[in-house]
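In what follows, a structure is listed as structure tokens, so that the remarks can point back to it.
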Amino acid sequence: MDENKEILSEQITNSSILEKKNYFRERTINHPILQRVYTSLMEKIEESEKGKVYQVFGPTGVGKSTLCKRVKREVLSKNHTIIQKDKGIIPIVSLELPSPDNGKFNWKDFYRRMLKEMNEPLIDYKVLREPEKKPNHRYIPNHLPSTSPALRESLENAIIHRKTKIVLLDEAQHLLKVPGGKAIQDQMDAIKSIANLTGSIFVMFGTYELMSFFDLNGQLGRRTNEIHFRRYNLNNTQDIREFKSVIYTFEKHLPLDEDSELLLHWEFLYERTVGCIGILKEWLNVCLIQALNRNLPSISYELIKNNAPLPSKALKIAQEAVYGERDLEKGEKDSYNLQQLLGFSNLTDKEDSNKSDNTIKRKDVGKRNPVRDVIGITEKEA
Ligand SMILES: Nc1ncnc2c1ncn2[C@@H]1O[C@H](COP(=O)(O)OP(=O)(O)OP(=O)(O)O)[C@@H](O)[C@H]1O
Ligand SMILES: [Mg+2]
């Protein structure tokens, strides 16, 4: 037994193949970028005014859905006592927005799914009440033909009555599936309107496409809050160190008899994952399954190569990530130009040193302040 495997309990090393597969599949590594984004998001959620909308965006496979699940778990555990006392309370709801069948986001379907998540009975029998005069009630624009006012009102009521403080929407870029820029703005307005009216905090998780929500107009940009969940960047030495430490941690959790020496192949692992930890995990997971099925003592380079994501797929992910990061930098340059124009040049340096790593106001997407060299610890996914 290799000394690196000390981390695995005897119970795992002596367990069945199926249990070993499950063990690795369920490991979540609390790697540095995930930890920073998580801390920043939880702080925002906890300190936020009611009715705010946040957006967490990043490349495919970076771990957005994993983060979404972790936030839900954490909020549910913090509210455990309250839920025990009153089973009607649903402090947090999460929903993965489906990709629309006909290419257009379907609001009716969205309301139905949300109501189902909230265990709302009689979803299909909702009738619109006479509109009450509520203070600060901003109705969603009715020019969205698919908007169903009765269902929308039911959802608003459910959020209020269930005392739902947080709504998480994963794959939120599907909201953008509408024709034309004006319609995209309406989509975002509709979400903001529900958040505003119910006082619930909405967090939207999605790809870089989400950025078009805050490109649209200055007002939206000012009112929303964005968090960049970025990949590990090859141009940043600290990132490379951390990426290697993630590989090392995954390796330590591989329930195999011998060391796989994955770090020897870190460049290849980086190339095909583009620095996204979720893609790395899925890749190693497939390798592990094959190694266990074939009774191999470790994951060989051959196994890694045979199961590598195709170059064309990695290229597409890299292009989306790099273009997304560039767009972000462009926005930051606009902000810099604005500051120059207004004569902020003397203050800029002082302000930059106070900016958090994950907010979009950072100057260099790939660079960050030095942090302790954390090797990710793991936890079991719920
Ligand atoms: N920190 C992590 N530790 C272990 N596994 C992870 C981690 N982050 C993600 N994964 C795993 O990687 C896979 C992809 O992650 P996830 O679905 O969260 O990515 P995503 O950013 O939501 O991707 P997409 O944009 O395609 O939806 C999942 O199987 C998930 O369990
Ligand atoms: Mg996802």
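Rule-based calculations on the coordinates, nothing more; no lab input. Worth saying up front: this structure is predicted, and the values here are computed from it rather than measured. Neighbour counts are summed over all protein chains in view; Cβ atoms, including those assigned to glycine, are modelled from backbone coordinates with ideal geometry.
Measuring spread by the Cα atoms of the stretch 39-112 yields a radius of gyration and Dmax of 15.0, 43 Å. Going from the residue with the fewest nearby Cβ atoms within 10 Å to the one with the most, 189, 334 rank 334, 189.
If the segment from residue 13 to residue 248 were pulled out straight at 0.36 nm per residue, it would be longer than the present Cα-Cα gap by 82.8 nm. A 23 angstrom limit on the alpha carbon distance is what I want to check against. Which of 281/313; 177/316; 44/244; 87/192 exceed it? Pairs exceeding the cut-off: 44/244; 87/192. Each residue, residue 313 and residue 268, gets one label point 7 Å from its Cα in the Cβ direction; the gap between the two is 1.7 nm.
This ranking places 152, 231 by how few other beta-carbon atoms lie within 10 Å of each, fewest first, which gives 152, 231.
The residues 43, 329, when put in order of fewest to most other Cβ atoms within 10 Å, stand as 43, 329. Using the Cβ-Cβ distance between residue 301 and residue 39 with R0 set to 22 Å, the FRET efficiency works out to roughly 0.05. A simple rule links phi to the HN-Hα coupling: the Karplus curve 6.51 cos²θ - 1.76 cosθ + 1.60 with θ = phi - 60°, which for the stretch 153-159 gives 5, 4, 5, 4, 5, 4, 4 Hz, with x for Gly and Pro. Amide H contacts under 5 Å for residue 96: 170, restricted to partners 5 or more places along the chain or on a different chain, H placed in the peptide plane at 1.01 Å from N. Spin-label model, residue 234 to residue 76: label points 7 Å out along the Cα-to-beta-carbon direction sit 3.9 nm apart.
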